[in-house]
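Note sheet for the following structure.
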């Protein structure tokens, strides 16, 4: 029949494909896409996690209710959940965003229950911050315009640090995918910020004094593949974007990276490989390394200035 559309078959099994992996040329069905994701995460965990023998090892998985952290937790449990010496805990920061955080928090809680994982949460008021809905109102009164994400990102990092201390985590697992990593690298390049680039996770062999090391097992997996995997596995995920995130610089870099990748497939991988090479070269050098961070005199969090960014932003907003 004229105009009939035929679904291409998977390269491996000839079942209907759900994804064209353009950077490799492969057509993949749901099962073989899942197999690809699982292999990449397992390889990353073997490389990024160093679990000492004889002691219990605690991993705090930072979850939000979204697709990335859901896949991260499901894969860490699938890979390490049977080990008696490993404790896996899901930790969620409640920013206080009406209509967005409650349903996503419920997805995170449900996922932990389904996987048999302990669930921990902390709210901004518990950390001494105002809820983000109140922060956004206050920001509109400031003379200097800032995106809500610039505040929320700082507060969320402190929330994750707080949860890690609470559960005595040895390592924090973050759900940053390949697109996230490429966007961050581009933002650092735009700002000429080499120091932030050198501090990018994973911290397996480049620990930062004063904080638990981060691992990023999804860092080589594109966002689209993460989403398809979550749908294929029927994981409970919240699909909405944060209502305060539209003006963030990251959203513009998301568009830039997507355009670059469509024009030259493999661009995201190249940016990440370049960054890894820079970090490796820096690790071999003893010259020109930034001094270790100090503790904030007001709250104890690590900082590079007189006070930490969290305290600085609290003063800007509410003093």
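The values are calculated or read from the model by the stated rules, or taken from the named source; none is laboratory data. Source: prediction; values computed, not measured. Neighbour counts run over all protein chains shown; Cβ positions are idealised from the backbone, glycine included.
Pick out the one residue from 284, 309 that is modelled with pLDDT under 90 and touching a helix residue (DSSP H, G or I) at 6+ places or on another chain (Cβ under 6 Å). Show your work before the answer.
On the way: 284 fails: touching a helix residue (DSSP H, G or I) at 6+ places or on another chain (Cβ under 6 Å).
Matching residue, one of 284, 309: 309.
The rows are residues; the columns are (1) part of a helix (DSSP H, G or I); (2) in contact (Cβ under 8 Å) with a residue 40 or more places away in the chain.
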site	(1), (2)
252	yes, no
256	yes, yes
259	yes, no
277	yes, no
281	yes, no
306	no, no
(message) On the basis of being modelled with pLDDT of 95 or more, touching a strand residue (DSSP E or B) at 6+ places or on another chain (Cβ under 6 Å) and crowded, with 16+ Cβ neighbours inside 10 Å, does residue 60 make the cut?
(response) yes
(message) The conditions are (1) touching a helix residue (DSSP H, G or I) at 6+ places or on another chain (Cβ under 8 Å); (2) closer than 16 Å to residue 216 by Cβ; (3) touching a residue at least 60 places away in the same chain (Cβ under 8 Å); (4) assigned to a helix (DSSP H, G or I), and residue 111 fails exactly one of them. Which is it?
(response) (2)
(message) Exactly one condition in (1) touching a strand residue (DSSP E or B) at 6+ places or on another chain (Cβ under 7 Å); (2) at pLDDT 95 or above is false for residue 269; which is it?
(response) (1)
(message) Here are the criteria: (1) at pLDDT below 95; (2) crowded, with 17+ Cβ neighbours inside 10 Å; (3) under 21 Å from the mean Cα position of the chain (by Cα); (4) not in a loop (DSSP other than H, G, I, E, B). Tell me which single one residue 317 does not satisfy.
(response) (3)
(message) For the stretch 126-135: of the residues being out of contact with any strand residue (DSSP E or B) (no Cβ under 9 Å at 6 or more places or on another chain) and assigned to a helix (DSSP H, G or I), which is farthest from residue 312 (Cα to Cα)?
(response) 133
(message) Of all residues being in a helix (DSSP H, G or I) and touching a helix residue (DSSP H, G or I) at 6+ places or on another chain (Cβ under 9 Å) in the stretch 87-108, which is nearest to residue 63 (Cα to Cα)? Just the residue, please.
(response) 108
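Quick one: count up the residues across the stretch 191-215 that are under 22 Å from residue 249 (Cβ atoms), assigned to a loop (DSSP other than H, G, I, E, B) and in contact with a helix residue (DSSP H, G or I) (Cβ under 7 Å, 6 or more places away or on another chain).
Number of matching residues: 1.
Quick test for you: out of 74, 38, pick the one residue that is surrounded by 15 or more Cβ atoms within 10 Å (Cβ to Cβ), in contact with a helix residue (DSSP H, G or I) (Cβ under 7 Å, 6 or more places away or on another chain) and farther than 25 Å from residue 93 by Cα.
Testing whether each residue is surrounded by 15 or more Cβ atoms within 10 Å (Cβ to Cβ), in contact with a helix residue (DSSP H, G or I) (Cβ under 7 Å, 6 or more places away or on another chain) and farther than 25 Å from residue 93 by Cα leaves just 38.
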(message) Can you tell me how many residues within the stretch 136-149 are assigned to a helix (DSSP H, G or I) and either free of Cβ contacts under 8 Å to residues at least 60 places away in the same chain or out of contact with any helix residue (DSSP H, G or I) (no Cβ under 8 Å at 6 or more places or on another chain) (or both)?
(response) 1
